[in-house]
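Okay, so here's the structure we're looking at.
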Amino acid sequence: MAAFAAGFIDSIVGGGGLVQAPALFILFPHYSVPQIIGTNRFASFMGTGVAGYQYSKKVKIPLKTVLFAGIGAGVMSYSGALISSLMSERILKPTILVLMTLIAIYTYFKKDLGQEDKHRFELGKIPLYGLLIGMTTGFYNGFVGPGTGSLLVFGFVSIIGYNFLTASAISKVVNVVADICSLIFFVAKGYVMFSIAIPMMVCNMAGSYVGSRMALLRGNSFIRILFLVVVFGLILRFGYDIWMMYLGRNLERTIIP
């Protein structure tokens, strides 16, 4: 059920990890964090591929932009994972919370955002900006993880000027490239629990098929609304994490003189 819901949400605006990853942590507490992440990534990458294929049949995907963004995301994802091990989450998570809140406010008040293509750069320069978006979101993917697809969509809409439908299509292909790059590591290290990952992958693909079909039928306004819902979910998620860190720090001060 979690994999189907994650595939549905992720195929439209990203953010499926908000559903699927927590479900794995709750249902399989005896698995290590790398096993959960590897299993979650394997279960979702084919669903993203299904959504990308559905979009490609109806939406003209700029392949050069996808290629540049995909390479940037794949390379920087590793760098983000490396640096994340060196930085305290007490600095990182409040920063992400502020970022998500600003994105939600901007998207809510800018009603025409992503309703139609309004390219802000010459066509020849768009792939370079796609590379920058891919590098930034890829770094975030390795650094934090949740909401990478949503940030990709927002980047392609707000920076380059694609409509929500085209931005969703591009982000799916870029996500597949980045996921495959990271999966090589997880599979090689034996972190993917295939007995769980394969059935979840099938359900995730089914959810992605339904979600992408609905996005194509309902269009940009529907995607914008769901985007705001997912970003609000991310705000709640990081707000909860920060609150728990705050309680934990106060508890330490109370117990340790």
Of the conditions (1) open to solvent by less than 50 Å² (accessible area, probe 1.4 Å); (2) within 21 Å of G190 (Cα to Cα); (3) in contact with a helix residue (DSSP H, G or I) (Cβ under 6 Å, 6 or more places away or on another chain); (4) not aromatic (F, W, Y), T48 satisfies every one except a single condition; which number is it? (2)
Segment 21-34 - residue that is within 18 Å of L183 (Cα to Cα) and modelled with pLDDT under 85 and, of those, least open to solvent (accessible area, probe 1.4 Å): A21
Number of the exception - N40 against (1) more than 15 Å from the chain's Cα centre (by Cα); (2) open to solvent by less than 50 Å² (accessible area, probe 1.4 Å): (1)
Within segment 161-185, restricting to residues that are assigned to a helix (DSSP H, G or I) and in contact with a Lys or Arg (Cβ under 7 Å, 6 or more places away or on another chain), the one that is surrounded by the fewest Cβ atoms within 10 Å (Cβ to Cβ) is L183
If you take the residues of segment 186-200 that are open to solvent by less than 40 Å² (accessible area, probe 1.4 Å) and β-branched (V, I, T), which of them is modelled with the highest pLDDT? I196
Of all residues in segment 201-220, which are touching a residue at least 60 places away in the same chain (Cβ under 8 Å), of a type outside the set (A, V, I, L, M) and open to solvent by less than 70 Å² (accessible area, probe 1.4 Å)? C203, N204, G207, S208, G211, S212, N220
Determine, yes or no, whether F109 is hydrophobic (A, V, I, L, M, F, W, C), more than 13 Å from the chain's Cα centre (by Cα) and surrounded by 24 or more Cβ atoms within 10 Å (Cβ to Cβ). no
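Please work out which residue is modelled with the highest pLDDT, limiting yourself to segment 201-233 and to residues that are of a type in the set (V, I, T) and touching a helix residue (DSSP H, G or I) at 6+ places or on another chain (Cβ under 7 Å).
Kept after step one, since they are of a type in the set (V, I, T), are these residues of segment 201-233: 202, 210, 223, 225, 229-231.
Subsequent filtering for residues that are touching a helix residue (DSSP H, G or I) at 6+ places or on another chain (Cβ under 7 Å) retains 210, 223, 230-231.
Working: V210: 93, I223: 80, V230: 82, V231: 82.
Looking at the filtered set, the residue picked out is V210.
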Return the pair list, or none, for Cβ contacts closer than 8 Å from residues in segment 231-248 that are open to solvent by less than 40 Å² (accessible area, probe 1.4 Å) to residues that are of a type in the set (G, A, S) and part of a helix (DSSP H, G or I), at least 6 apart or on different chains. V231/A104; V231/S150; L234/S150; I235/A104
Select from segment 58-81 the residues that are open to solvent by 100 Å² or more (accessible area, probe 1.4 Å) and at pLDDT below 75 and list them in ascending order. Y78
I'm trying to understand the selection: among the residues of segment 143-163, which are more than 12 Å from I133 (Cβ to Cβ) and at pLDDT below 85? F143, V144, G145, P146, G147, G149, S150
Just the residues that are touching a helix residue (DSSP H, G or I) at 6+ places or on another chain (Cβ under 8 Å) and of a type in the set (S, T, Y), please, taken from segment 170-200. S171, S182, Y191
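The values are calculated or read from the model by the stated rules, or taken from the named source; none is laboratory data. Everything numeric in this text was worked out from a predicted model, so none of it was measured. For neighbour counting, all protein chains shown are included, and Cβ atoms are generated from backbone atoms with ideal geometry for every residue, glycine included. Surface areas here come from the heavy atoms of the whole protein model, side chains and all, with no ligands, DNA or RNA. Shrake-Rupley method; radii C 1.70, N 1.55, O 1.52, S 1.80 Å.
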